[in-house]
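The values are calculated or read from the model by the stated rules, or taken from the named source; none is laboratory data. Since the structure is predicted, the reported quantities are computational estimates derived from the model, not experimental observations. Here the Cβ positions follow ideal geometry from the backbone for every residue, glycine too, while neighbour counts run over all protein chains shown.
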Amino acid sequence: MYKITKAEMLADKIFLMDVEAPRVAKNCEPGQFIIVKAGEKGERIPLTICDYDREAGTITIVFQTVGASTEKMASLKAGDYFDDFVGPLGLPSEFIHEDIEELKKKKILFVAGGVGTAPVYPQVKWMHEHGIDVDVIVGAKTKDMLILEEEMKAVAGNLYVTTDDGSYARKGMVTEVIKDLVNNQGKTYDVCVAIGPLIMMKFVALLTKELNIPTVVSLNPIMVDGTGMCGACRVTVGSEVKFACVDGPEFDGHLVNFDEAMKRQQTYKTAEGRAMLKAVEGDTHHGGCGNCGGDE
Amino acid sequence: MDILKKVPVREQDAKVRAKNFEEVCLGYNLEEAMEEAKRCLNCKNAKCIKGCPVSIDIPAFIQEVAAGNIEEAAKIIAESSCLPAVCGRVCPQESQCEGVCIRGIKGEPVSIGKLERFVADWSREHNIVPEKPEKTNGIKVAVIGSGPSGLACAGDLAKKGYEVTIFEALHEAGGVLVYGIPEFRLPKETVVKTEIDNVIKLGVKIETNVIIGKSITIDELFEEGFKAVFIGSGAGLPKFMGIPGENANGVFSANEYLTRNNLMKAFETDSDTPIYRGKKVAVVGGGNVAMDAARTALRLGAEVHIVYRRSQDELPARVEEVHHAIQEGVIFDLLTNPVEILVSEDGWVKGMKCVKMGLGEPDASGRRRPMEIPGSEFEMELDAVIMSLGTSPNPLISSTTEGLEVNKWKCIVADEEFGKTSKEGVFAGGDAVTGAATVILAMGAGRAGAKGIDEYLSKK
């Protein structure tokens, strides 16, 4: 059993928890993920690590409720336990293996969308701890959906917040901000890391390809075991089929087949379920991602 | 009774069982078991023992069954095997102990598997548990993986007094016994859990949710005070065909399909894990796993086709499994090979393009080589495809352990007799070494590893 030491709601339907998992906390790195399971008959849910405290032996996770399993997780409070919590899974972000001096010479842009802000945070924090200032764009659907703004501000070189509806900071999609920075403010970037809903990553990747900025994206597809065993998380990258759990979760954004990935994400969403969500959420329907504005 | 024939075993009716997940074979009762046991000739030079990968003293336990001394029979089996209720159900006896049974030269061999199962089930029902060694020797050994090889290795080492911890990557112990083999062949709660509990009763600790190579490395295990490590991590990576359309929604690996159903219990209404219940499902492949996937899909309500490129004679699955699948209504499309998955506009499987195959000369495997018949292409309408083409070992451990030699198939190199690898203090066995094989071969390798570890640590 894995004790929840902190549980708070960051925004509507978005929750943050600290979980005691010393083995994971000891060996995890930015970019990796965990699998968590609530209840004996619970589903195994993969979540990218948001933060870790090696001394306290805790891992921070952030998740959005999108169905029965995540609702069940959200109902847990500090002092409660998860039945299972395993990791770290997947490969760490590639930059942690790079020479720090080389890395310091690079201009790096992070683009976070919705709940994808959580996995971007440990990467930006890692950069900050290694004395590297990076630009960070955080996009949210509305002001109320914006998460981790203060935390991000503390570790980012420059932070650019944007909301789809203009209810806070800038108005517009993250791609608008990238265009503005590059075209109007004379910024240049050697690499871009974009994490958020698939549809956001797709459009960021299309734009950065045009702008000639190598781009890394992090995928969170359907998976069961997370160790390469089930093959549910297969994704086409370039001409190859990769397993996101062991070959990823981070891939070259210019090579990922996002359209296929978006279709595969639908496997266990029934037509009825989608229709119901649309009816309940009305105009605010966003497919559970907080930022895409579509039925992703 | 006809002495040349096995005492028939009771089974659930095929029509009934095709709609439930209850066990197919009901096993012998005491009377039937004693009657069957009397067919054993108690050979002096018993070939069956040599046919058994874990060398159970088969004639000895059968003599006890014939005399009605079931507890005594259980003790004899326990000397060699910690999973008799499992092995009695899933071992390919026809090619092992029963395959060499002298009784089988004229007539049918003794039903050794069913007798083993009877003894194990009887022991469980009568709460016969293995005895824990009085004290341990204080030497810590780590076992990676709680499948058949890991459990066999841990059980043997615990009996010798070692302090054994098994590390399991999933949230439940049992490996393939839990995620792979379906409930209707191997009940989880009664059979698998009880036998794992028996291993725990020998003093073995099991820590779940630990992925060696990720949560902790083998070198770190040594730093934690473990003096030897046995790798029994299995063969877990599913193979796909590499044909167009294979990433469509509704194409699953048998591993995924079976894990959802067996480990995550997706067939039960109170499970949170979803499974896709197709209406018309093709399972590609002809091994035991393909049969398991096909019979699972059938029970979930689908019309199921096994698509296999050779003929029935070459099916790698056990005859009993094929027989059961046919009885239950699985349709066999033999000498058929998929060339493309047909995909609908919204990304779902809508069918499969296949070609008819003919058989040529025997190939390296000794089986006749399948060859496409030109112009024989046809389409099947389907809404799900399950790929059951075998698995390869997971590189998670080999890629994070310096000095551990692997072969060109990424299998860990280990000697057969003692499971010794290229790294000091590290032993390995089971599918991680051989590639996908059987439960009992993995157990045999686990026992060999235990022997190797004991010898290595005794010399230190």
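The figures follow:
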{"read-out": "Only listed residue being within 14 Å of another protein chain (Cβ to nearest Cβ) and either in contact with a Leu (Cβ under 9 Å, 6 or more places away or on another chain) or part of a helix (DSSP H, G or I) (or both), chosen from B:VAL210, B:VAL178", "value": "B:VAL178"}
{"read-out": "Boolean, A:PRO122 is surrounded by 18 or more Cβ atoms within 10 Å (Cβ to Cβ), assigned to a helix (DSSP H, G or I) and not acidic (Asp, Glu)", "value": "yes"}
{"read-out": "Residues within region A:48-89 that are more than 24 Å from A:GLY228 (Cβ to Cβ) and assigned to a strand (DSSP E or B), tallied", "value": "7"}
{"read-out": "Single match in A:GLU71, A:GLU94 (criterion: out of contact with any helix residue (DSSP H, G or I) (no Cβ under 9 Å at 6 or more places or on another chain), over 23 Å from A:ALA21 (Cβ atoms) and not aromatic (Phe, Trp, Tyr))", "value": "A:GLU94"}
{"read-out": "Checking A:VAL193 against (1) surrounded by fewer than 18 Cβ atoms within 10 Å (Cβ to Cβ); (2) in a strand (DSSP E or B); (3) more than 14 Å from chain B (Cβ to nearest Cβ); (4) of a type in the set (A, V, I, L, M, F, W, C), the condition it does not meet", "value": "(1)"}
{"read-out": "Leading residue by the ranking (nearest to A:ILE14 (Cα to Cα)) among those in region A:47-68 that are touching a helix residue (DSSP H, G or I) at 6+ places or on another chain (Cβ under 6 Å) and charged (D, E, K, R)", "value": "A:ASP51"}
{"read-out": "Subset tally (residues that are of a type in the set (S, T, N, Q) and either at the interface with chain A (Cβ under 10 Å from one of its Cβ atoms) or touching an Asp or Glu at 6+ places or on another chain (Cβ under 6 Å) (or both)) for region B:181-192", "value": "0"}
{"read-out": "Any hit, region B:225-241, residues being within 14 Å of chain A (Cβ to nearest Cβ), surrounded by fewer than 24 Cβ atoms within 10 Å (Cβ to Cβ) and in contact with a strand residue (DSSP E or B) (Cβ under 6 Å, 6 or more places away or on another chain)", "value": "yes"}
{"read-out": "Residue count for region B:54-104, restricted to those that are in contact with a Lys or Arg (Cβ under 8 Å, 6 or more places away or on another chain), farther than 26 Å from B:PRO187 by Cβ and part of a helix (DSSP H, G or I)", "value": "4"}
{"read-out": "Count of residues meeting criterion [small (Gly, Ala, Ser) and either surrounded by 24 or more Cβ atoms within 10 Å (Cβ to Cβ) or modelled with pLDDT of 95 or more (or both)] in region B:425-443", "value": "6"}
{"read-out": "Region B:382-400, residues that are hydrophobic (A, V, I, L, M, F, W, C) and on the phi > 0 side of the Ramachandran plot", "value": "none"}
{"read-out": "Where A:LYS179 falls short, out of the listed (1) away from chain B (no Cβ under 14 Å); (2) surrounded by 21 or more Cβ atoms within 10 Å (Cβ to Cβ)", "value": "(2)"}
{"read-out": "Residue count for region B:253-270, restricted to those that are in a helix (DSSP H, G or I), more than 7 Å from chain A (Cβ to nearest Cβ) and within 18 Å of A:LYS37 (Cα to Cα)", "value": "3"}
{"read-out": "Pair list, Cβ under 6 Å, 6 or more apart: region A:26-43 residue facing chain B (nearest Cβ under 7 Å) and in contact (Cβ under 8 Å) with a residue 24 or more places away in the chain, other residue of a type in the set (D, E, K, R) and not in a helix (DSSP H, G or I)", "value": "A:LYS37/A:ARG44; A:LYS37/A:ASP83; A:LYS37/A:ASP84; A:GLY42/B:ASP272; A:GLU43/B:ASP272"}
{"read-out": "Output for region B:383-407, where each listed residue is more than 30 Å from B:VAL349 (Cβ to Cβ) and either more than 12 Å from chain A (Cβ to nearest Cβ) or without any contact (Cβ under 8 Å) to a residue 24 or more places away in the chain (or both)", "value": "B:SER398, B:THR401, B:GLU402, B:GLY403, B:LEU404, B:GLU405, B:VAL406, B:ASN407"}
{"read-out": "Single condition B:LEU202 does not satisfy, out of (1) more than 21 Å from B:GLY329 (Cβ to Cβ); (2) surrounded by fewer than 24 Cβ atoms within 10 Å (Cβ to Cβ); (3) within 11 Å of chain A (Cβ to nearest Cβ); (4) in contact (Cβ under 8 Å) with a residue 12 or more places away in the chain", "value": "(3)"}
{"read-out": "The listed residue being in a loop (DSSP other than H, G, I, E, B), of a type outside the set (Asp, Glu) and not assigned by the TED database to the domain that holds A:CYS28, out of A:ILE147, A:ILE137", "value": "A:ILE147"}
{"read-out": "Filtered residues of region A:200-249 (kept if within 28 Å of B:LEU263 (Cα to Cα) and either part of a helix (DSSP H, G or I) or more than 13 Å from chain B (Cβ to nearest Cβ) (or both))", "value": "A:SER218, A:LEU219, A:ASN220, A:ALA244, A:CYS245, A:VAL246, A:ASP247, A:GLY248, A:PRO249"}
{"read-out": "Residue that is surrounded by the fewest Cβ atoms within 10 Å (Cβ to Cβ), among those in region B:317-349 that are closer than 21 Å to B:LEU359 by Cα and of a type in the set (Val, Ile, Thr)", "value": "B:VAL319"}
{"read-out": "Residues satisfying the stated conditions in region B:133-175, i.e. farther than 21 Å from B:GLU224 by Cα, assigned by TED's automatic domain parsing to the domain that holds B:GLY232 and in a loop (DSSP other than H, G, I, E, B)", "value": "B:GLY147, B:LYS160, B:LEU170, B:HIS171, B:GLU172, B:ALA173, B:GLY174, B:GLY175"}
{"read-out": "Pick from region B:3-36, criterion in contact (Cβ under 8 Å) with a residue 12 or more places away in the chain and acidic (Asp, Glu), ranking: farthest from B:ARG185 (Cα to Cα)", "value": "B:GLU35"}
{"read-out": "Entirely in region B:309-386, the strands (runs of 3 or more DSSP E) that have 1 or more residues that are among the aliphatic types (A, V, I, L, M), touching an Asp or Glu at 6+ places or on another chain (Cβ under 8 Å) and in the same structural domain as B:SER253 (by TED's automatic domain parsing)", "value": "B:331-333, B:336-343, B:349-362, B:378-381"}
{"read-out": "Search result, residues across region A:80-136 that are over 27 Å from A:GLN64 (Cβ atoms) and not charged (D, E, K, R)", "value": "A:HIS97, A:ILE100, A:LEU103, A:HIS130, A:GLY131, A:ILE132"}
{"read-out": "Count of residues meeting criterion [buried (at least 24 other Cβ atoms within 10 Å of the Cβ) and in contact with a His (Cβ under 9 Å, 6 or more places away or on another chain)] in region A:86-119", "value": "2"}
{"read-out": "Scan of region A:101-132 for residues that are of a type in the set (D, E, K, R) and under 19 Å from A:PRO214 (Cβ atoms), ordered by number", "value": "A:GLU102, A:LYS104, A:LYS105, A:LYS106, A:LYS107"}
{"read-out": "Verdict on A:ALA169 being crowded, with 19+ Cβ neighbours inside 10 Å, small (Gly, Ala, Ser) and either over 17 Å from the mean Cα position of the chain (by Cα) or under 25 Å from A:PHE15 (Cβ atoms) (or both)", "value": "no"}
